[in-house]
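Shown next, in structure tokens, is the structure this report addresses.
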Amino acid sequence: MSKARVIVTAVILEGRPKAEVARDYGVARSWVYTLVERYLTGGWEAIEPRSKRPLSNPRHISSELESEIVQLRGELTGQGHDAGAHTIAFHLNGRHGGSPAVSTIWKVLKRNGLVTPQPGKRPRSSYLRFQAEFPNETWQSDFTHWRLSTGVGVEILTFLDDHSRLALSITAHPVVTGRIVVTDFRQNVNDYGPPASTLTDNGLVFTTRVRGGKNAFENELRLLNITQKNGRPNHPQTQGKVERFQQTLKKWLTAQTPADTIEDLQKQLNTFRSYYNTIRPHRSLQRSTPAQAYTTGTKIGPAGTVGGHWRIRDDRIDDSGVITIRYNSKLHHIGIGRAHKGTKVRILIHDQHIRIINKTTGNLLRELNLNPDIDYQRQ
């Protein structure tokens, strides 16, 4: 017999005063009144312990929302995209202006059998993670292999900003060569400005230092005064961000209709790059997109230069020893000297600061701050 029944029995059957029963059994007098009232209204069942579950749960989601979560999980997975609870919350917020807590979404996925247990892994705290502090502080690059629907093997070259994870370029080629690496790098420099450093593995398209000497990519970095960093041999974790990016890319490509040609594959890569940069939230970026992280940060250039507008031009010194550049829609002539006529040069323009470099030797021919009020910049 429960204590509640003993109390009610003492009052109803024995006729004892409620205050006396409360004192003898060590309970509040109001509780005795409540038990007796419940008994008189509903009998013995009414005084049994009641569920402490709240009448309402503000975190409870509707069956419609749960169905949408499950459907969204399937859609993202089918498209080869990340379909974790954080990503689903991001998409729900975009659709409805709000979403349940990530933990609630995770419980929905688990309840519907959509969470696959993962094998034991090292705790994240055991990893020493490096991330560049600023956009353009370091660019990572690597290439990976893929096959067209015909079975023909191709290679995909990626340049990735270390700080923001922005995919600067993703290009498909029959074979990635040193010339292709330089061409893609130059295009990225023209689009985003030069980085302060690069980080790659020791593939021969990136470095030939193990053979003694420099390849085209290394010479390009030297001309631009960019620091070159290479990972330890057989240690791909050094370039972990671009390696992880390639896994994400391949997962997405696997979910697509196989491309028949390199041109078709390039169209798929362009679609993925747009989604990855501007739509997909990144967990390492506090759920912002790479494009948001890249555009909001202060950009670092070669030798620690900060911000500003970068341009890079290749030119040839004319017979009078002069080159011409355009600044604020106005042409300016820069004197180098007749002794250098016909010399191919690389021109580095950072706002009004200009460096003119001999492309063949890498020697600096002239460095100046442009005077925008003067047409001819004398030696």
Quick one: which residue in 207, 177, 198 is among the β-branched types (Val, Ile, Thr) and under 25 Å from the mean Cα position of the chain (by Cα)?
198
Would you pick out the residues in the range 329-379 that are more than 30 Å from residue 214 (Cβ to Cβ), over 44 Å from the mean Cα position of the chain (by Cα) and basic (Lys, Arg)?
338, 378
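Could you say whether any residue in the range 303-324 is within 30 Å of residue 153 (Cβ to Cβ) and in contact (Cβ under 8 Å) with a residue 12 or more places away in the chain?
Within the range 303-324, not a single residue is within 30 Å of residue 153 (Cβ to Cβ) and in contact (Cβ under 8 Å) with a residue 12 or more places away in the chain.
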Under 8 Å between Cβ atoms, at least 6 apart or on separate chains: pull out the pairs that start in the range 163-186 with a residue that is on the phi > 0 side of the Ramachandran plot and of a type outside the set (S, T, N, Q) and end on any residue that is outside any loop (DSSP other than H, G, I, E, B) and modelled with pLDDT under 95.
165/241; 165/245; 165/282; 165/284; 165/285; 165/290; 165/293
Scanning the range 230-266 for residues that are at pLDDT 90 or above and either of a type in the set (Gly, Ala, Ser) or exposed (fewer than 13 other Cβ atoms within 10 Å of the Cβ) (or both) gives 247, 254, 255, 257, 259, 260, 263
Scanning for something modelled with pLDDT under 95 and at positive phi, does the range 123-140 turn up at least one residue?
yes
Close pairs (7 angstrom Cβ cut-off, 6 or more residues apart or separate chains): within 23 Å of residue 158 (Cβ to Cβ) and at pLDDT 85 or above in the range 203-226, outside any loop (DSSP other than H, G, I, E, B) and among the aromatic types (Phe, Trp, Tyr) anywhere:
205/217; 206/217; 217/185; 220/185
In the range 3-15, residue surrounded by the most Cβ atoms within 10 Å (Cβ to Cβ) [restricted to those that are aliphatic (A, V, I, L, M) and without any contact (Cβ under 8 Å) to a residue 40 or more places away in the chain]:
7
Checking residue 294 against (1) in a strand (DSSP E or B); (2) under 30 Å from residue 132 (Cβ atoms): exactly one of these is not met. Which one?
(1)
Hey, among the residues in the range 60-110 that are among the charged types (D, E, K, R) and under 23 Å from the mean Cα position of the chain (by Cα), which one's surrounded by the fewest Cβ atoms within 10 Å (Cβ to Cβ)?
95
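Quick check, is residue 284 closer than 13 Å to residue 165 by Cα and at pLDDT 80 or above? Spell out how you get there, then give the answer.
On the way: closer than 13 Å to residue 165 by Cα: yes; at pLDDT 80 or above: no.
So residue 284 does not fit the description; no.
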Would you be able to say whether some residue in the range 197-215 is assigned to a helix (DSSP H, G or I) and aliphatic (A, V, I, L, M)?
yes
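For (1) touching a strand residue (DSSP E or B) at 6+ places or on another chain (Cβ under 6 Å); (2) touching a residue at least 12 places away in the same chain (Cβ under 8 Å); (3) crowded, with 19+ Cβ neighbours inside 10 Å, each residue gets a yes or a no:
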residue: 334; (1), (2), (3): yes, yes, yes
residue: 337; (1), (2), (3): no, yes, no
residue: 342; (1), (2), (3): no, yes, no
residue: 345; (1), (2), (3): yes, yes, yes
residue: 352; (1), (2), (3): yes, yes, no
residue: 355; (1), (2), (3): yes, yes, yes
residue: 369; (1), (2), (3): yes, yes, no
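The values are calculated or read from the model by the stated rules, or taken from the named source; none is laboratory data. Not measured: the values here are computed from a predicted model. Don't worry about glycine lacking a Cβ; one is built from the backbone with ideal geometry, like all the others, and counts go over all protein chains shown.
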